[in-house]
C-alpha cells in the first residue's frame, strides 16, 4: 500500500526490487496500490517502474454509497453485530472516501455502546459520533411515505386508500392518512386530494376536521395517530 513513498529511497527500492522478483518468479500474485500512476512517481527507478507496469493498472474510485453500506454491513457481520440499516446509512452518507475512517466510526460506535450499555440505534450513533459526524439530516416526509406507513399499520393496501371504497375498514385508514398528510407535510388540501386518487379537496378537509374532533374524545384513536406520527417521523414531538 502507498508504494509512492518508495520515491527517493534508493536502498528501500533495491530491497523491494529483489523481493518483487522473488515473488514474481514463484508465481505469486502481487497487488500494489498508489495515489498516482507508476509513471508519475518521481525518482522511482526505471526497473521498478517497468515491473509495476507489467500487470493490470486500474484507477480505483472512492466507493459509492451502496458499496460503503455493504462494507459496514460486512464488518458488522464479521463482528457478529446487529446494527440497524439507518445507522449504517448514516455513517456511510457522511464518510465517503476513506474506508479506514468508515470502519473506525463503526468501531467507535460499538465501543461507546458497550461501555455505556446502550442499544445500537440512531440515538446512540448520533451521541457516539458527534465529534466526527454532523447530526443526521432530517428526511423530508412525503405523502407516499405516510400512505405506506398507514396502510401497513391497518393491514390494507395503498390502492385501497386511493380507491372510492366506503367501508369502514378503508375509510378510517384513509381519513387518518389524509389527516397526517395535512399535519406532517406542506401539501395543500387539493394536493393531498390529488394523491388520494384525485379526490376533491373538500373530502380532505372533512377527513382532517373529523380526525381533529375524534382524537379529542377517542383515546384509542389518539394513541394510534401518535404511534403513526412516530413511525413516520421519529423526531416528532407533540
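Here are a few things to note about the model shown:
- Here the sum of -39500 (n - 2.57) over DSSP H runs of 4 or more residues, divided by the residues of the chain, equals -18500 deg cm²/dmol at 222 nm, to the nearest 500.
- Selected from 188, 114, 34 as most flexible by GNM, with the chain as the system and alpha-carbon contacts under 10 Å: 34
- Rounded to 10°, Cα long-axis angle of helix 201-217 versus longest principal axis of the chain: 80
- Sorted fewest first by neighbouring Cβ atoms within 10 angstrom, 71, 146, 232 come out as 71, 232, 146.
- Region 179-238: C-alpha gyration tensor shape, a/c 1.5 cut-off, then a/b vs b/c: oblate
- Exposure proxy shown here: for 65, 6, the number of other Cβ atoms within 10 Å sets the order, fewest to most, as 65, 6.
- As a proxy for reagent exposure, ranking 179, 24, 90 by other Cβ atoms within 10 Å from fewest up yields 24, 90, 179.
- The Rg/Rh ratio for the chain is 1.24, where Rg is the radius of gyration of the alpha carbons and Rh is the Kirkwood radius.
- Rel. contact order, % - alpha carbon contacts under 8 angstrom, at least six apart, region 143-232: 29
- Size descriptor, Kirkwood hydrodynamic radius, that averages inverse alpha-carbon separations across region 143-232, Å: 12.7
- P(r) histogram, all alpha-carbon pairs of region 62-170 included - 5 Å bins from 0, percent: 2, 11, 19, 17, 13, 9, 10, 8, 6, 4, 2, 0
- In terms of its C-alpha gyration tensor, region 18-100 comes out prolate, because a/c is 1.5 or above and the ratio a/b outweighs b/c.
- Gap separating the Cα centres of region 148-192 and region 56-114, nearest whole Å: 37
- Rg then Dmax, both in Å and based on the Cα atoms of region 65-128: 10.6, 31.
- Angle between the chain longest axis and helix 219-232 axis [Cα atoms, degrees, rounded to 10]: 20
- The C-alpha atoms of the chain define a longest principal axis, and helix 143-154 lies at about 70 degrees to it.
Read the figures in this text as sums done on the coordinates, not as results from a lab. These figures come from a predicted structure and were not determined experimentally. Cβ: placed from backbone, ideal geometry, glycine included. Neighbour counts: every protein chain shown.
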